[in-house]
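I have a structure I would like to understand better, so I am pasting it below and will then ask my questions one at a time.
The values are calculated or read from the model by the stated rules, or taken from the named source; none is laboratory data. Bear in mind the structure is a predicted one, so any value in this text is a computation, not a measurement. So basically every Cβ, Gly included, is an ideal-geometry build from the backbone, and we count neighbours across all protein chains shown.
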Amino acid sequence: MRILVTGAAGLVGGEVCARLVAAGHSVTALVHRNPDIRANNGSAVDVARVLKGDVSAAHFGWDEGQWLEVSKGHDLLIHCAATVRFDLAEEDYRAVNLGGTANALALAEAGGMAFLHVSTAYVCGTRDGPIREGDLLPDSGFANGYEASKAAGERLVQASGLRWAIARPSIVVGEHASGAIRQFDTTYAAFKLIAEGRVRHMPARPGATLDFVPIDHVAAGIVAIAEAMDEAEGGIFHLVSSQPLPVERFTSAIGAYPHFHEPELVAPQDFDPTQLPALERRLFRRVAGLYASYFQRDPHFDDSAFREVTGMQCPETGEAYIRRLIDHCIEVGFLGRETEAAE
């Protein structure tokens, strides 16, 4: 297939491009500023073409000729481009996550492309319990503007009239076998502050769980859906572990390393960030607090439709996997070694 991937320089987009190329597809990579397309292992991906464009701009900022040439030259558009930060203003989410999706849909419509939209499992909002792929999107109850904007983007996709499918990853972290990840952002920033003891308290509800999913399962899943679009059309697919990890087990895995700090988990009703020490208060407000809601939920994502269409299932993601993630962070210097902590 001739496939256009938006957000191709991103963490997930780059690995998706690598796997598409390896499978023999002709890949056009759409980037904003960074032209380097890299797999999760850091290797360069030999895509057929790299295009610069701004998904938030009409026609991606291209003239009419380029817009038509690109739209007619591809069979499938995989829309990975999005802002994944949790601390932006509503207009920023509207421009990129909503406007960018609308512009990508317009490009696909102009060329008769199929459309595979990469969203997030957390469009379920703050709901607990079973979350099925076919559940209706909530109108409210989101923990942040990112979740709300991704839900709004999904509504555009479903109303588009195109041949579409939606892929919903949960919390994307390192490769399953090694824990390796190409770049440390989003969740990892909060994790570092907690492990190094700069944020020592987190509001957490008893029974809350986290759904960490390896990046290789996510990227392989997106490619599998892309290659099965005839069967996947009109479907919503969870790319998740389906093995929710209790928050207490996650924090105890951190504390099992003697030079790391296991945070104190405080009942949300008893947590008052204004009472934290000054530095911890600032770090909580600016970084760790953005992810606090994930320590207070217990969603159980069902991935039956994904498994039926692709035959894939996420491998085990318990404490042993968490230790592999931490070990990789130490190996590459993102987290300090025990000797460094002692010094």
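Of the conditions (1) assigned to a strand (DSSP E or B); (2) farther than 21 Å from SER293 by Cβ, LEU265 satisfies every one except a single condition; which number is it?
(2)
Just name the residue that is surrounded by the fewest Cβ atoms within 10 Å (Cβ to Cβ) out of those in region 152-180 that are within 19 Å of the chain's Cα centre (by Cα) and basic (Lys, Arg).
Of everything passing the filter in region 152-180, ARG155 is surrounded by the fewest Cβ atoms within 10 Å (Cβ to Cβ).
Follow-up question, since we're still on this one. GLU15 passes all but one of (1) of a type outside the set (Gly, Ala, Ser); (2) touching a residue at least 40 places away in the same chain (Cβ under 8 Å); (3) under 21 Å from VAL55 (Cα atoms); (4) part of a loop (DSSP other than H, G, I, E, B); which number fails?
It fails just one condition, (4).
Checking PHE284 against (1) surrounded by fewer than 19 Cβ atoms within 10 Å (Cβ to Cβ); (2) modelled with pLDDT under 95, which single condition isn't satisfied?
(1)
Here is a yes/no grid of residues against (1) without any contact (Cβ under 8 Å) to a residue 60 or more places away in the chain; (2) of a type in the set (Val, Ile, Thr); (3) farther than 25 Å from GLY129 by Cα:
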site	(1), (2), (3)
SER160	yes, no, yes
ARG168	no, no, no
GLY174	no, no, yes
GLY179	no, no, yes
ALA195	no, no, yes
PHE212	no, no, no
HIS217	no, no, no
GLU233	no, no, yes
ALA253	no, no, no
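So for region 130-137 (the condition being in contact with a Pro (Cβ under 6 Å, 6 or more places away or on another chain) and in a loop (DSSP other than H, G, I, E, B)), does at least one residue qualify?
Start the filter on region 130-137 by keeping residues that are in contact with a Pro (Cβ under 6 Å, 6 or more places away or on another chain), which leaves 131.
Cutting the leftovers down to in a loop (DSSP other than H, G, I, E, B) gives us none.
No, every residue in region 130-137 fails to be in contact with a Pro (Cβ under 6 Å, 6 or more places away or on another chain) and in a loop (DSSP other than H, G, I, E, B).
Please determine whether any residue of region 51-73 is part of a loop (DSSP other than H, G, I, E, B), buried (at least 20 other Cβ atoms within 10 Å of the Cβ) and among the β-branched types (Val, Ile, Thr).
Yes - at least one qualifying residue is present in region 51-73.
Let me ask something else about it. Can you tell me how many residues in region 302-323 are part of a helix (DSSP H, G or I), crowded, with 18+ Cβ neighbours inside 10 Å and not aliphatic (A, V, I, L, M)? Steps first, please.
Step one: of region 302-323, the residues part of a helix (DSSP H, G or I) are 304-310, 319-323.
Subsequent filtering for residues that are crowded, with 18+ Cβ neighbours inside 10 Å retains 306, 309-310, 321-322.
Those left that are additionally not aliphatic (A, V, I, L, M): 306, 310, 321.
Residues in region 302-323 being part of a helix (DSSP H, G or I), crowded, with 18+ Cβ neighbours inside 10 Å and not aliphatic (A, V, I, L, M): 3 in total.
Given the conditions (1) crowded, with 22+ Cβ neighbours inside 10 Å; (2) at pLDDT 95 or above, and given that ALA190 satisfies all but one, which numbered condition is not satisfied?
Result: ALA190 fails condition (2) only.
Of the residues in region 273-331, how many are in contact with a His (Cβ under 9 Å, 6 or more places away or on another chain), closer than 17 Å to PHE191 by Cα and among the acidic types (Asp, Glu)?
1
Within region 138-186, can you find the residues that are part of a helix (DSSP H, G or I) and not hydroxyl-bearing (Ser, Thr, Tyr)? Full working, then the answer.
Just the residues of region 138-186 that are part of a helix (DSSP H, G or I), to begin with: 145-158.
The answer is GLY145, GLU147, ALA148, LYS150, ALA151, ALA152, GLY153, GLU154, ARG155, LEU156, VAL157, GLN158.
Identify, by number, the condition in (1) out of contact with any Lys or Arg (no Cβ under 9 Å at 6 or more places or on another chain); (2) part of a helix (DSSP H, G or I) that ALA110 doesn't meet.
It is condition (1) that ALA110 fails.
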